[in-house]
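Asks: One structure coming up, written as C-alpha cells, with questions to follow.
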Amino acid sequence: MTFRGALRELLRLSFRADSRAAWITVLTFTVRPVATVAASVAIAVMVARWAADEFSAGVVFLGVACAALAAQVLLGRYSLTVSARLVDATNRLVDEDLQRALYGVRSIEHFSERSFLDDLQIVRSEQPRLTEGADVVGLILGTSVRLGSTVLITVLATPWLLLLPVAAIGAYLCVRRREAAVGAAQRAAAEHARTSAELAGIGTDERHTGELLLSRGGEFVLEAHRRAAEAAEATRSAGLWRGARWTALGAVLTSAALAVGIAGLVHALDHGTTDLATTLASLLLLSTTTSLVGALARYLTSCADSIRVVRALDRVYRRLRPGSRRFQDTGDSTGIELWDVSYRYPGAETPAVHDVSLRLDAGRTYALVGANGSGKTTLVTLLSGLVQPSSGEIRTAGGCAPDITAVTQDFAELEFELRDAVRLGDDRFTDADVTHAVNLAGLEHWAGPDSAGLGRALGATMPHGTRPSHGQWQRVALARGFLRADAPVLLFDEPTSAIDPIAEETLLDRLMDRARAVTRNRHGIAVIVTHRMSLAPEADEVILLHEGRVVAVGPHAELLDVPLYARLYDAQRAGYLVDEPNS
C-alpha cells in the first residue's frame, strides 16, 4: 500500500465512523491556528498604534485580538469534544470491521502463519493510531497554516526566513526515514511481543493460577515472559534509537534555519527596512516557531505511525480475502470425497495428514479413531473447510461448502446469558428449542422449568455472572451442537473431553442418537472423533488413522482383525473397566 493510499484509508476510517464529526475535527483543527495568528498580528498592530499615539486605533485592534483569542479558546474546547466522540466511533468501527473480516472467510489457516499473527499483533496493540486520521490531518494542516502565515509575515521583514520552509521539508524527510526504522523494528519485535502477551495472560489467568501455584511454576512462566518482553523491548529500542538520529538531524536543520532567520530580522530592523508592527508580529509568531516545528514533527511522526498500522491492517485484510474454492465438484454423486489429501502446518517439517484418499457416503455415521497425534483433528478441520489441503482435493456435491454443525474440543467460552450463548442470535430457535438442547447437554438444572433459567448470566464479565467450570462450558458448546444437529454434516471432535466418564457416556449416546437421526432421516454424514472406543461399534464404519495416514476403513467387527485397531480398542476398554468397575 502506497503512502497516499494509506493516508486516504486512514481518513476514510474517520469519515466512515462519523462524517460530520470528521469534517468538524479537520476544519476546527485547521482554522483554530488562524485565530492565533490573527491575535498575534492584532496585538502587534495595537502596540505599534499606541507607540504612534493612535490610541483609538489601538483599542480597535485590542478588541480584534480579544475576539481572536476567544474564538481560539472556543474552537479548542469544541474540537476536542467532537474529536473524543470521533475517536470512540472510529475505534468501534475498526473493531467491527476486523471481526467481520475474520468471520467473513471460512478459514482459520491464517492463524498458523507467523506474518499474519505479527501484523494482527501490531493492529491490536496499536489500534488507537487507527482512530487518529481526522485528528492528525487537521493538526498537520492547522500547524502548517500557522507556520505558513508566520513565514509569510516574517518574510516581509527579511527573506532570510524563507529558510524555515526549506528546513521543514528536510525535517519531513527525516521523519519518513524515522518511520521506516521504527516500522521495521516493530515488525521484528511483533513475535516476541505476542509471546510476551500470551505468557502474561497465562500468568494472570485464574484458570492457570491454581496449577502454577501447586506446581511452583509461576517463576518459570514469569521468567519466560521477562525474556520475551526484554527481547521485544530491545528490538523496538534499537529501532527507536535509529529513528532518534533522524529526528535529531531534522531538529538541527530547523534550529539552524530559525537562528539565521532571527539574525536577518534583527538586521532588517536595525537598517530600517521593516516597520515596528511587522517586526513585533514576526517576533510574536517566531516565539512559538520552534515549538510549532516540533509539534509539526510530532504530528508527522504520529501520522507516519498511523500509516504504518494502516498498512499492517491492509495486509491482514488482504490475507483474509476469499481465495480459491476449497471444494471440488463430485459430479452427480453425494457425499464427500478426499483424493490424495495432505496437509502441512506452516513451519512444520512433516505433514500432519499424508495422502488420504477416502469417501464419506451420505446416510452413514463414521467413528474416527487413532492415537494422540495421529491427525484426527487435522482431518476433521479439513472436512470442515477451515483449512485447505496442501495437496490433493476435497470434493463435494456441486463443489460447495456443506452446511456443517461442529462441536470440537477447542470450544469457545462465550460469556452471554445462557439463551444467547446457545442460540447465538439465531431467532429461528425458540426458548423451548434452546431448553431442549440445554437439557440434552446435561444442564437441565440450569434451564429450569419453563425455560426460566435461560437468562442465567455466564462468565465473570457479565453482571452477576456465574463462573462455569471447564466441563460446564463444554456442555454449553454441546448444547449449541444439539440445537443445530439437523445440519447435513455433523462433525464432533472429542466433544466430551472435559466431562467426567460417567456423564460422558450418556452424552455420547445422545450425540450418537442425533447422528443417526441426521444420517437416516436427512441422508446426512456424521463424523465423530472420540477417545471412547466403546462408541466405535455404534458407528456404521470406523476410520483408523496412524501417523497421519488412513490405515483401515470398515465396520468395527472387521477392524478388530487389524492388530493396531485391536490393541487400541482393548487398551481403552480395559482402562475404562478399571475406572468403572460397575459398568
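Asks: Largest first and to the nearest Å, give the Cα extent of region 1-49 along each principal axis.
Replies: Dimensions of region 1-49 along the principal axes of its Cα atoms: 54, 25, 6 Å.
Asks: When the convex hull of the Cα atoms of region 238-307 is projected onto a plane and the area is averaged over all directions, what value comes out in nm²?
Replies: For region 238-307, the mean projected area of the Cα convex hull comes to 5.5 nm².
Asks: Take every DSSP beta bridge with both residues inside the chain and express the antiparallel ones as a percent of the total, to the nearest 5.
Replies: Roughly 40 percent of the DSSP beta bridges within the chain come out antiparallel.
Asks: How much FRET efficiency would the formula 1/(1 + (r/R0)^6) give for residue 551 and residue 318, where r is the Cβ-Cβ distance and R0 is 41 Å, rounded to 0.05?
Replies: The pair residue 551/residue 318 has a calculated efficiency of 0.55.
Asks: Can you give the convex hull volume per residue for the Cα atoms of region 105-235, as a whole number of Å³?
Replies: Enclosed volume per residue, from the Cα hull, is 170 Å³.
Asks: Convex hull over the alpha-carbon atoms of region 150-225: what's its volume per residue in Å³?
Replies: It comes to 133 Å³ per residue, whole-number rounded.
Asks: For the chain, with the dipole built from +1 on Lys and Arg beta-carbon atoms and -1 on Asp and Glu ones, taken about the Cα centre, which of 70, 269, 202 lies farthest toward the positive end?
Replies: The Cα lying farthest towards the positive end belongs to 269.
Asks: When the chain is fully extended, how far beyond the present Cα-Cα distance does residue 372 get from residue 345, taking 0.36 nm per residue of separation?
Replies: Length gained, residue 372 through residue 345: 8.0 nm.
Asks: Can you give the percent of C-alpha pairs in region 58-174 whose distance is more than 23 Å?
Replies: Everything past 23 Å amounts to 59 percent.
Asks: Out of all Cα-Cα pairs in the chain, roughly what percent, to the nearest whole number, are more than 32 Å apart?
Replies: 63
Asks: Report, in deg cm²/dmol and to the nearest 500, the calculated mean residue ellipticity at 222 nm for the chain, where each DSSP H run with n ≥ 4 adds -39500 (n - 2.57) and the sum is divided by the residue count.
Replies: Theoretical 222 nm ellipticity from helices: -21500 deg cm²/dmol.
Asks: Per-residue counts of other Cβ atoms within 10 Å, averaged by peptide: what ranking do you get for 467-473, 479-485, highest first?
Replies: Per-residue Cβ counts within 10 Å, averaged per peptide and sorted highest first, yield 479-485, 467-473.
Asks: Moving on. Based on the mean of other Cβ atoms within 10 Å per residue, sort peptides 26-36, 61-71 so the most packed one is first.
Replies: Highest to lowest by the protection proxy: 26-36, 61-71.
Asks: For residue 180 and residue 101, what is the calculated FRET efficiency with R₀ set at 22 Å and r taken between the beta-carbons, to the nearest 0.05?
Replies: 0.25
Asks: Right, here's the next one. Fully extended, how many nm does the chain gain between residue 561 and residue 2 (0.36 nm per residue separation, minus their Cα-Cα distance)?
Replies: Extra length available between residue 561 and residue 2 comes to 194.9 nm.
Asks: Starting from the Cα-Cα distance between residue 226 and residue 88, subtract it from 0.36 nm times their residue separation and give me the gain in nm to one decimal.
Replies: Here the segment from residue 226 to residue 88 would lengthen by 46.4 nm.
Asks: List the residues whose amide H sits under 5 Å from the amide H of residue 364, counting only those 5 or more places along or on another chain, with H placed 1.01 Å from N in the peptide plane.
Replies: 526
Asks: Work out the FRET efficiency for residue 270 and residue 233 from their Cβ-Cβ distance, taking R0 = 41 Å, and round it to the nearest 0.05.
Replies: My answer for the efficiency is 0.15.
Since every read-out is calculated from the coordinates, none of them should be taken as a lab result. What you are looking at is a predicted structure, and each value in this text was computed from that prediction instead of being measured. Cβ coordinates were reconstructed from backbone atoms using ideal geometry, including for glycine residues, and neighbour counts include every protein chain displayed.
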